[in-house]
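Asker: Would you mind keeping the following structure in view while I ask a few things?
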Amino acid sequence: MRTVRTVEEVRAALAPRRKRGPVGLVPTMGAFHDGHLSLMRRARGDCATVVVSLFVNPAQFGPGEDLTAYPRDETRDAALAAELGMDILFAPPHEEVYPPGFDTSVAVHRLTEVLCGDPERRGPEHFTGVTTVVTKLFNMVGPDVAYFGQKDAQQAIVIRKLVRDLDIPVRIEILPTVREPDGLAMSSRNAYLAGEERECALALSRALRAADAAVASGRRDAAEVLMAARRELDAAGVEPEYLELRSAEDLSPAERVNGRTLLAVAARVGRARLIDNAVVGDE
Ligand code: AMP
């Protein structure tokens, strides 16, 4: 595996490889866990060449967020990516992505104004930071396929919309959330959970399972399904930032669970802001 730092280098490394078959891109912010690795494995299976990008993108962090504390360990990440047979690690420095005078953003509207995008929460600016850097990564690398995780369900929906609206020639693959054996969704931010907080954090996945069980037992009314989830959060003393049922296609509010309905939850546990989700009522 080669580590490259500039757009010129990544393009030069890819040029002779493109004729061998599809180029896959796995965009990441590093601090790899099995969630990241599952995307890399799938990309390795699908593509002739796989690029993993590693860039902690300041534009998607709000002013009071954890940009400086965000876990970083490029040496470990590079070793894991190499072990999985990745071809290129693209780890650009800040100035390569945002040179002096950088003054452009790419925003998807509406979908970014709910859930995490609610102005009272992370706000739409978070997603604008994501869609701007993802557009840049697509332009820098020119992948045929790009891999994202269902763990960030809203991000996945927003990126699909970005690609459709701007006719970006890339196929988007969304892969299932990878969990710890006890159900906790893997996240780089789980590193912030100290002592008993780890136990509290389990309430999120437990809430999703309770809602799923309510649906399986025939409940369809959103309020009833949410109540089942809410009970688990309350029992652990976790106050959700949001707990909502929305269409898994376009994030419109769901009054009833029918077809593909997304149950999304966000909560702060200690220093960590955690998100998780499940698609319920999948028939
Ligand atoms: P991040 O480094 O947190 O920006 O994540 C990079 C990619 O990995 C994103 O597409 C995430 O959705 C995905 N990802 C993060 N956590 C998980 C997980 N537990 N399971 C599957 N994919 C994940």
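FYI, it's all coordinate maths here, none of it is from the lab. Not measured: the values here are computed from a predicted model. Virtual Cβ from ideal backbone geometry, glycine too; neighbours counted across all protein chains shown.
Asker: Quick one: net charge of G117's neighbours, Cβ under 11 Å, K/R +1, D/E -1?
Answerer: On the way: positive: R110, R121, R122; negative: E113, D118, E120, E125.
Taking every other residue near G117 into account, the sum is -1.
Asker: Take I159, I168, I275 and order them by how many other Cβ atoms sit within 10 Å, fewest up front.
Answerer: I168, I275, I159
Asker: Starting from the Kirkwood radius over alpha-carbon pairs of the range 211-257, derive D by Stokes-Einstein at 4 °C in a medium of 1.567 mPa s and give it in µm² s⁻¹.
Answerer: Working: Rh = 11.2 Å.
Taking Rh from Cα pairs, D becomes 116 µm²/s.
Asker: Let me know the shape class of the range 188-278, please: from the alpha-carbon gyration tensor, a ≥ b ≥ c as square roots of the eigenvalues, rounded when a/c is under 1.5, otherwise prolate if a/b is greater than b/c, or oblate.
Answerer: Working: a/c = 2.58, a/b = 1.76, b/c = 1.46.
The shape class here is prolate.
Asker: Something else: What residue among A146, A48, A69 shows peak mean-square fluctuation when the chain is described by a Gaussian network model with Cα springs under 10 Å?
Answerer: Maximum among the listed residues: A69.
Asker: Could you go through the range 263-277 in sequence order and give the Karplus-derived ³J(HN,Hα) for each residue, using 6.51 cos²θ - 1.76 cosθ + 1.60 with θ = phi - 60°, rounded to whole Hz, and x for Gly and Pro?
Answerer: Rounded to whole hertz, the list is 9, 10, 9, 9, 7, 8, 10, x, 7, 8, 9, 10, 10, 7, 7.
Asker: Note down the relative contact order for the range 2-175 as a percent, whole number, built from C-alpha pairs under 8 angstrom at least six residues apart. Please list the in-between numbers first.
Answerer: Values: 275 pairs, mean separation 48.4, N = 174.
Relative contact order for the range 2-175 comes out at 28 percent.
Asker: If the label point is 7 Å along Cα→Cβ of S252, which residues in the range 83-120 have backbone nitrogen under 18 Å from it?
Answerer: Flagged as within label range: 109-115.
Asker: In deg cm²/dmol, rounded to 500, what helix-only [θ] at 222 nm does the chain give when every DSSP H run of at least 4 residues adds -39500 (n - 2.57) and the total is split over its residues? Walk me through the intermediate numbers first.
Answerer: Values: 8 runs with 100 residues, N = 283.
Calculated at 222 nm, the ellipticity per residue is -11000 deg cm²/dmol.
Asker: For R209 and D46, calculate 0.36 nm times their separation in residues minus their Cα-Cα distance, and state this gained length in nm to one decimal.
Answerer: Working it through step by step, the gained length comes to 55.6 nm.
Asker: From the phi angles alone, apply the Karplus equation (6.51, -1.76, 1.60; θ = phi - 60°) to the range 167-180 and give each ³J(HN,Hα) in whole Hz, x where the residue is Gly or Pro.
Answerer: Taking θ as phi minus 60°, the curve returns 6, 6, x, 9, 8, 9, 10, 10, 10, x, 5, 8, 10, 5 Hz for the range 167-180.
Asker: Filter the GluC sites (Glu not before Pro) in the range 226-271 down to the DSSP loop ones having no more than 15 other Cβ atoms within 10 Å, then list what survives.
Answerer: Answer in residue order: E249, E255.
Asker: Something else: Could you tell me how far the Cα centroid of the range 204-227 sits from the Cα centroid of the range 116-181, in Å?
Answerer: If we compute the Cα centre of each part, the gap is 27 Å.
Asker: Can you tally the net charge around A59? Count Lys and Arg as +1, Asp and Glu as -1, for every other residue whose Cβ sits under 13 Å from the Cβ of A59.
Answerer: Counting the neighbours of A59, the net charge comes to -1.
Asker: T3's amide H: which non-local residues (gap 5+, or another chain) put their own amide H closer than 5 Å, with H modeled 1.01 Å from N in plane and none for Pro or chain starts?
Answerer: For T3, the qualifying residues are L89.
Asker: Neighbouring Cβ atoms within 10 Å as the yardstick, rank T104, T112, T128 fewest first. Working shown, then result.
Answerer: On the way: T104 7, T112 27, T128 20.
Arranged by neighbour count, lowest to highest, T104, T112, T128 become T104, T128, T112.
Asker: Given N residues in the chain, what is Rg(Cα) / (2.2 N^0.38 Å)?
Answerer: 1.01
Asker: Something else about it: Grab the other residues whose beta carbon is less than 9 angstrom from that of R271, score K and R as +1, D and E as -1, and report the net.
Answerer: My count for the surroundings of R271 gives +1.
Asker: Would you be so kind as to identify which of T68, G85, S105 lies farthest towards the positive end of the dipole of the range 53-131, taking Lys and Arg as +1 and Asp and Glu as -1 on Cβ and the Cα centre as origin?
Answerer: S105
Asker: Name the residues whose placed amide hydrogens come within less than 5 Å of the amide hydrogen of V269, ignoring near sequence neighbours (fewer than 5 apart) on the same chain.
Answerer: Those lying under 5 Å, H to H, from V269 are L274.
Asker: Pick out, in residue order, every one of the GluC sites (Glu not before Pro) in the range 78-133 that is DSSP loop and has at most 11 other C-beta atoms within 10 Å; say none if there are none.
Answerer: For GluC sites (Glu not before Pro) across the range 78-133 that sit outside H, G, I, E and B with at most 11 neighbouring Cβ atoms in 10 Å, the list reads E120.
Asker: A follow-up question, please. Return the single residue from G21, G123, G183 with maximal mean-square fluctuation; model: Gaussian network over the chain, springs between Cα atoms under 10 Å.
Answerer: G21
Asker: Gain in length, E83 to D34, computed as 0.36 nm per residue apart minus the alpha-carbon separation, to one decimal in nm?
Answerer: Working: separation 49, 0.36 × 49 = 17.64 nm, distance 1.31 nm.
Extra length available between E83 and D34 comes to 16.3 nm.
Asker: About the Cα centre, and with charges only on the beta carbon of Lys, Arg (+1) and Asp, Glu (-1), how big is the dipole of the range 160-263? Nearest 20 debye, please.
Answerer: Approximately 360 debye in magnitude.
Asker: Further, regarding this structure: Using +1 at the Cβ of each Lys and Arg and -1 at the Cβ of each Asp and Glu in the range 2-175, identify which of V141, V130, H94 lies farthest towards the dipole's positive end.
Answerer: V141
Asker: Provide the gained length on full extension for the span R17 to R72, in nm with one decimal, where the gain is 0.36 nm per separating residue minus the Cα-Cα distance.
Answerer: Extra length from R17 to R72 when fully extended: 16.8 nm.
Asker: Based on Cβ point charges of +1 for Lys and Arg and -1 for Asp and Glu, what charge dipole magnitude is obtained for the chain about its Cα centre, in debye rounded to the nearest 20? Walk me through the numbers on the way to the answer.
Answerer: On the way: 36 positive and 42 negative charges, 165 e Å.
The calculation lands at about 800 debye.
Asker: Can you pull the one-decimal nm distance between simple spin-label points at T104 and R5, each 7 Å off the Cα toward Cβ?
Answerer: 2.4 nm
Asker: Going by a ≥ b ≥ c, the root eigenvalues of the Cα gyration tensor, does the range 53-196 fall in the rounded group (a/c under 1.5), the prolate group (a/b larger than b/c) or the oblate group?
Answerer: The shape class here is rounded.
Asker: How big is the antiparallel share of DSSP beta bridges in the chain, given as a percent to the nearest 5? Intermediate values should be presented prior to the final figure.
Answerer: Numbers: 19 of 38 bridges.
Here the share of antiparallel DSSP bridges comes out near 50 percent.
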